[in-house]
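Here is the structure we will look at, set down as structure tokens.
The values are calculated or read from the model by the stated rules, or taken from the named source; none is laboratory data. Given the structure is predicted, the values throughout are model-derived calculations rather than measurements. All Cβ positions, glycine included, derive from the backbone under ideal geometry; neighbour counts span all protein chains shown. Ligands, DNA and RNA are stripped out before the accessible areas are found, and what is left, the full protein with its side chains, is counted by its heavy atoms. Shrake-Rupley method; radii C 1.70, N 1.55, O 1.52, S 1.80 Å.
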Amino acid sequence: MAQEKSMAVSEFLSNAELLKQGAEARVYRTKFLGKPTILKERFPKRYRHPVLDEKLTHRRTVQEVRSILRCRKAGISTPVVYFVDYTTHCIFLEEIVGSLTVRDHIASAQQPGSCADAELEQLAKRIGQILAKMHDEDVIHGDLTTSNMLLRRRPENKESDLVLIDFGLSYNSALPEDKGVDLYVLEKAFLSTHPNTESLFEKLLKSYAASSKRSAAVIKKLDEVRLRGRKRSMVG
Amino acid sequence: MTVVIGFEGSANKIGIGIIRDGEVLSNPRRTYITPPGQGFMPSDTARHHRAVILTVLKEALEQAGLKPADIDCVAYTKGPGMGAPLVTVALVARTVAQLWGKPLLGVNHCIGHIEMGRLITQANNPTVLYVSGGNTQVIAYSERRYRIFGETIDIAVGNCLDRFARVIKISNDPSPGYNIEQMAKKGSQYVELPYTVKGMDVSFSGILSYIEEVAHKMLSSGQCAAEDLCFSLQETLFSMLVEITERAMAHCGSQEVLIVGGVGCNLRLQEMMGVMCKERGAKLFATDERFCIDNGAMIAQAGWEMFRSGQVTELEDSWITQRYRTDEVEVTWRD
Amino acid sequence: MDFTRELELFPDHKVTQLLFKDVKNSRELRQCAVEGKISGALINPTMLVNPFQVLVAANKAVHSQKSGKMKTRSLYSEIIFNLSPTNNISEAFKRFGISDGDDSVMVVLVYDRNESPSLSNIVAKVDGQQVPVGDLSSLSNLTKIKQLYKVTPQEEKCGTLLDAVVCRMASKDVV
């Protein structure tokens with residue numbers, strides 16, 4: 001029985017358009033029940049022990065679904081989950097049509113001649129607000145990068161929506177330490193991906209601090225984690 | 001032709017290597033080995049380096065068949081590393097540079113690993129996994145810096161392995177990591193350990209404290225053997241490393257991986273990384289213990305690149321620093 | 001009038017939806033379904049936002065059936081169960097199945113694509129007026145739907161009510 005089903009999924013996948021192979025999953029673009037859909041397949045990673053692989057893959061599929069729902073309930077835009085197959089670890093998600101990653105957006109705004117500083121600052125502010133809201137819900141994203149944030153243009157709105165994606169490494173926690181590390185991960189990804197954006201990231205953090213009720217303890221932890229990095233002895 | 005001699009002694013190895021335009025002419029090395037259950041202390045390590053450095057220097061010149069007059073530049077490790085051993089080696093480098101009348105160059109140790117790896121493997125623009133006793137970083141080059149995309153948020157992977165070795169008293173000869181690797185080959189039972197990946201970052205301290213707590217209980221109750229713990233620890237740590245490397249590759253759109261640093265000569269790590277690379281059509285580059293483990297030639301090679309791009313370190317600037325991040329260095333020798 | 005779609009994931013399966021209003025024999029219909037005289041799911045359309053919601057439930061039901069993981073006894077009861085945001089089976093039937101006094105009904109059929117089910121047979125059994133499935137929204141009881149699915153006002157700012165409903169249906173196994 002199970003075999004029949006996985007045949008169905010694998011046959012379906014063979015006709016879908018492979019968009020990319022991330023570290024976590026293969027990502028396909030397809031149609032599901034008539035809707036433009038992104039299919040995330042967490043295929044077995046043969047480099048790791050099968051017991052570890054199954055544990056991680058299952059946990060991440062479940063966490064992705066849980067955190068998406070939690071975020072949406074709090075009014076944070078994330079793709080809608082249409083269907084989950086926990087045996088092949090496939091998630092069918094709403095495709096955010098006509099969207100652009102924040103990463104690509106910043107990269108194009110940083111091109112010489114593009115004087116979009118004020119607009120980028122506005123975006124940094126919005127990112128800070130949304131992350132504050134997410135952390136206030138005790139959702140830790142676990143893999144914050146500018147590639148995991150999408151801008152969805154809505155013709156009816158002047159401002160585009162900010163959509164968070166890729167919740168595979170997410171989990172629930174109220175600890176300031178976990179939230180601080182979440183921001184630290186973003187800071188490193190942000191600054192290494194977008195050289196010379198230190199002041200932009202500062203704006204993001206400021207807005208985070210101003211938006212979250214519990215930001216003081218989180219920012220304190222962020223400073224601690226940064227210091228740990230700098231103080232590490234790095235011998236050998 | 002440019003000939004550079006490199007002095008390395010930031011941890012428990014002391015090495016001096018000579019490079020002539022990409023050719024390793026000599027690369028002798030000594031290791032300070034401590035008894036099982038003990039790590040190496042800075043002052044003892046410095047004493048060891050002091051005792052052997054002139055012998056190693058003599059070997060380096062003899063094996064290369066060169067006289068001091070043939071050297072164009074003296075490179076030494078400026079940091080990061082342990083203070084006392086760094087000072088010892090820098091002192092000798094400064095002295096010979098003045099005796100021989102040659103320019104000095106202070107080199108970032110991590111950059112040394114990367115440039116040596118690139119030289120030996122001919123990897124062009126790889127995502128670099130730098131794993132050693134003191135460092136765990138995923139690095140990629142862009143806009144004149146080796147940028148750190150991921151790293152450990154607490155202890156280094158090599159440190160985690162070394163401290164585990166001390167817990168169950170595995171020999172430090174030739175290195176704790178090597179002995180864990182050999183024992184792991186005989187392990188078969190997979191013991192579940194914490195697994196902590198945060199985006200492109202990792203954390204090892206939770207695994208270490210967990211295994212420190214349970215190891216003796218599990219071993220004395222016969223629940224598993226020491227070999228099984230070695231096996232499970234390697235499987236867990238290396239899975240995390242491969243995962244963050246793959247995430248950085250996906251993030252940067254890179255199709256090459258280079259593994260450098262002392263832990264990088266672990267064949268199981270290389271094998272796992274190879275499987276990952278094959279799955280995504282990427283290429284793996286790795287080196288053996290001669291160049292993975294700290295050595296003098298890597299400092300010479302990074303020095304060679306820096307020297308050729310016009311850099312020198314004035315005597316008054318030839319200090320050392322225990323903390324020196326990879327991304328602090330402006331890479332003047334790459335586009 | 002009726003709305004038929006193939007399930008992409010199970011291409012040999014088709015789903016047909018038929019919508020009726022001014023229904024006078026809901027009690028009788030329910031009895032037919034219990035006795036297996038109607039092979040279809042009878043759904044209370046006031047709890048539906050959009051036909052897509054039914055497709056999501058049907059796709060999941062076929063998937064559960066094929067993998068031997070159904071929570072209820074038949075494919076049709078499974079569709080009704082899948083519409084519910086909770087894992088309480090009797091609650092699901094009470095809210096999403098039809099009750100004796102209901103004056104509208106959505107009939108859902110799942111069949112092999114080589115079969116052609118007799119729709120006229122269904123239409124003949126219902127004492128009511130068949131309307132286009134596209135008119136579903138005129139029957140939806142939005143207040144009750146929001147209440148039952150616990151849709152928050154913030155959530156409606158970042159997506160449609162259908163999004164909120166479907167997301168809960170798809171994630172209920174792990175929440």
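For this structure, a couple of remarks:
- When C:G36, C:G101 are screened for being open to solvent by 10 Å² or more (accessible area, probe 1.4 Å) and on the phi > 0 side of the Ramachandran plot, only C:G36 passes.
Residue-by-condition table, conditions (1) among the charged types (D, E, K, R); (2) in a loop (DSSP other than H, G, I, E, B):
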| position | (1), (2) |
| --- | --- |
| B:G133 | no, yes |
| B:F164 | no, no |
| B:Q182 | no, no |
| B:V191 | no, yes |
| B:S209 | no, no |
| B:E213 | yes, no |
| B:Q234 | no, no |
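- When A:F190 is tested against (1) of a type in the set (F, W, Y); (2) touching a strand residue (DSSP E or B) at 6+ places or on another chain (Cβ under 8 Å); (3) in a helix (DSSP H, G or I), only condition (2) is not met.
- Pick from the range A:185-210, criterion of a type in the set (S, T, N, Q) and surrounded by 18 or more Cβ atoms within 10 Å (Cβ to Cβ), ranking: farthest from B:V202 (Cα to Cα): A:S207
- Flag for B:F307 being part of a helix (DSSP H, G or I) and in contact with a Leu (Cβ under 9 Å, 6 or more places away or on another chain): yes
- Restricting the range A:59-79 to residues that are more than 7 Å from every other protein chain (Cβ to nearest Cβ) and not β-branched (V, I, T), the residue that is farthest from the chain's Cα centre (by Cα) is A:R59.
- Per the conditions (1) in contact with a strand residue (DSSP E or B) (Cβ under 6 Å, 6 or more places away or on another chain); (2) open to solvent by 50 Å² or more (accessible area, probe 1.4 Å); (3) over 29 Å from A:A8 (Cα atoms), the sole criterion not satisfied by C:R27 is (1).
The rows are residues; the columns are (1) under 15 Å from the mean Cα position of the chain (by Cα); (2) modelled with pLDDT under 95.
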position	(1), (2)
A:Y171	yes, no
A:K179	yes, no
A:A189	yes, yes
A:F201	no, no
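- Residue check for B:P85: more than 17 Å from B:D317 (Cα to Cα) and without any contact (Cβ under 8 Å) to a residue 60 or more places away in the chain: no
- Residue check: B:S254 meets all listed conditions (1) open to solvent by less than 20 Å² (accessible area, probe 1.4 Å); (2) at the interface with chain A (Cβ under 10 Å from one of its Cβ atoms); (3) not in a helix (DSSP H, G or I) but one, namely (2).
- Checklist (1) within 11 Å of chain B (Cβ to nearest Cβ); (2) over 28 Å from A:D117 (Cβ atoms) applied to A:K179, failing item: (1)
- Single unsatisfied condition, B:A282 versus (1) within 11 Å of another protein chain (Cβ to nearest Cβ); (2) within 30 Å of A:T193 (Cβ to Cβ); (3) in contact with a Lys or Arg (Cβ under 9 Å, 6 or more places away or on another chain): (3)
- Residues within the range B:145-179 that are surrounded by fewer than 21 Cβ atoms within 10 Å (Cβ to Cβ) and more than 11 Å from chain A (Cβ to nearest Cβ), tallied: 10
- Residue tally, condition open to solvent by 30 Å² or more (accessible area, probe 1.4 Å), in a helix (DSSP H, G or I) and small (G, A, S), over the range B:42-96: 4
- Residue in the range A:37-58 that is nearest to the other protein chains (Cβ to nearest Cβ), counting only those that are of a type in the set (K, R) and under 24 Å from A:F12 (Cα atoms): A:R46
- Count of residues meeting criterion [part of a helix (DSSP H, G or I) and either over 30 Å from B:L104 (Cβ atoms) or out of contact with any Ser or Thr (no Cβ under 7 Å at 6 or more places or on another chain) (or both)] in the range B:271-302: 19
- Listing of helices (runs of 4 or more DSSP H) fully contained in the range C:117-169 that carry 2 or more residues being modelled with pLDDT of 95 or more, under 24 Å from C:K14 (Cβ atoms) and not β-branched (V, I, T): C:136-139
- Check on B:L237, over 30 Å from B:K283 (Cβ atoms) and crowded, with 24+ Cβ neighbours inside 10 Å: no
- When each of B:G296, B:G274 is tested for being in contact (Cβ under 8 Å) with a residue 40 or more places away in the chain and on the phi < 0 side of the Ramachandran plot, the lone residue that passes is B:G296.
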